[in-house]
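Below is one structure, written out as C-alpha cells; comments come after it.
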Amino acid sequence: MDEQTVQRFWQDHACGDAQVGGLHERFRDDYEKFFTDYDRFRYQNESHLPACLDALNVAGKRVLEIGLGEGSDAERLIRQGASWSGVDLTAESVERVRARLMLRELPYQELRQGSVLSLPFADGTFDMVFSHGVLHHVPDIKQAQSEIHRVLRPGGELVVMLYARWSMNYLVSIGLIRRAALLAAFPLAKAGILKPIPTQGMLAAHLGNARKMGLLRYLRLEEFVHHNTDGPANPYALVYDRKRVERDFPSFRVTRTYKRFMHAPPLPVHRLPGATIMGWHLWIHLVPRE
C-alpha cells in the first residue's frame, strides 16, 4: 500500500459526504448549509466528541491538526482559543476547511495540503498535535510518528483517535457477522440466485472485491478490515490496542487511553452502554520521548 492510493480514495470520498449528501451533489453553492448539516450529523452521531475536545484545554496553545475532514473539529478547537494550524493530504479537504473558516470568520495560523510523512512545519513548532480518525489510514506510521515528534516542542502532547481492536465493531461486526454474511452470499451470487444491484449497497461492493481478490484472501481479517471501516473501496485501515500503539509510536510514551463510541453496524448498538469497554474509538494521549 502506498500513500498515493490512500490520497486518491480520500480525495474522492470526503468525510461525511455519504452520510449527509455530497457537497458536490447538493451543496456546492451553499457551503454554509452543508457545514451546518454535517456538524449536526457528526455531533449527534458521535455525541461524546464535544466533551472530548473540550477536555483538551487548547486555549492559548499552538495546535496542529492532522487530517481535517470537513473542519468541524477545527472550528471547535479555534473557538476554544487554540492557535490552530491544519494539514491534510487532499486538496478537497483543504478547500472545504478554508471555505468554512472564511465563512465563519475564524482565525487560524496556517492551512496546508501536505503529507504527515513530511510535515511542512519547522521543528518544535507546536504545543499539541491532534488527529482524529486519520493515522490508522497511514501505511508508513513509523515515519508519520517521527515527523509528529519533530514538530512538537519538548513537553508537548500528541492526542489521537484510532480504531480500537478490542471493540464490538472489530471483533463481532467485522470479524464475525460481516464475514459470515459475505461467505454465505458469495456462492449464491456466483450461481445467479442472489443479484444485488451493482451500483447500490455494500454487499454488491464487497462481492466485487471478493471476485477481484479471491474470496478466501478477501475474508482474511487483516485484508477484510481495510474495506470495513470507511466503505468497501477504502484501501487501508488498521485497528489498535495499547500494545500496538507503543510499537508503532516508539518516539512517544503513552500517558492515557480511553474508549468512546459504541458502533458496530449492522448491529443496533449505538445507544447501548459499554462504549468505555467495547467502543470503536480509542483515544490515546502521548508525550514525546527526549
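Brief remarks follow.
- The residues in region 133-153 that are farther than 18 Å from Glu3 by Cα, out of contact with any Pro (no Cβ under 7 Å at 6 or more places or on another chain) and not charged (D, E, K, R) can be counted, and the count is 1.
Residue-by-condition table, conditions (1) at pLDDT 95 or above; (2) closer than 26 Å to Gly16 by Cα; (3) under 21 Å from the mean Cα position of the chain (by Cα):
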position: Ala189; (1), (2), (3): no, no, no
position: His226; (1), (2), (3): yes, yes, yes
position: Pro265; (1), (2), (3): no, yes, yes
position: Val269; (1), (2), (3): no, yes, yes
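- Looking at Arg112, Arg98, just one residue is farther than 28 Å from Tyr258 by Cβ, touching a residue at least 24 places away in the same chain (Cβ under 8 Å) and not small (Gly, Ala, Ser), and that residue is Arg112.
- Residue match in region 215-222 (condition: at pLDDT 95 or above, among the hydrophobic types (A, V, I, L, M, F, W, C), part of a helix (DSSP H, G or I) and within 21 Å of the chain's Cα centre (by Cα)): yes
- For region 49-79, a residue qualifies if it is in contact (Cβ under 8 Å) with a residue 24 or more places away in the chain, farther than 20 Å from Leu103 by Cβ and either among the small types (Gly, Ala, Ser) or in a loop (DSSP other than H, G, I, E, B) (or both), and the qualifying residues are Leu56, Val58, Lys61, Gly67.
- Ala210 touching a Phe, Trp or Tyr at 6+ places or on another chain (Cβ under 7 Å), of a type in the set (Gly, Ala, Ser) and outside the structural domain of Asp248 (by TED's automatic domain parsing): yes
- Leu216 meets all of the listed conditions (1) in the same structural domain as Pro139 (by TED's automatic domain parsing); (2) free of Cβ contacts under 8 Å to residues at least 12 places away in the same chain; (3) not charged (D, E, K, R) but one, namely (1).
- Taken together, the criteria exclude His149 from residues that are in contact (Cβ under 8 Å) with a residue 60 or more places away in the chain, under 27 Å from Arg220 (Cα atoms) and not small (Gly, Ala, Ser).
Yes/no matrix, rows are residues, columns are (1) outside any loop (DSSP other than H, G, I, E, B); (2) polar (S, T, N, Q):
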{"site": "Ser93", "(1), (2)": "yes, yes"}
{"site": "Leu101", "(1), (2)": "yes, no"}
{"site": "Leu111", "(1), (2)": "yes, no"}
{"site": "Ser118", "(1), (2)": "no, yes"}
{"site": "Pro154", "(1), (2)": "yes, no"}
{"site": "Leu162", "(1), (2)": "yes, no"}
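- Region 230-269, residues that are crowded, with 20+ Cβ neighbours inside 10 Å and of a type in the set (Ser, Thr, Tyr): Tyr240
The values are calculated or read from the model by the stated rules, or taken from the named source; none is laboratory data. Note that the coordinates shown come from a computational prediction; the quantities given were computed from them, not determined experimentally. All Cβ positions, even for glycine, are placed from backbone atoms using ideal geometry, and neighbour counts span all protein chains on display.
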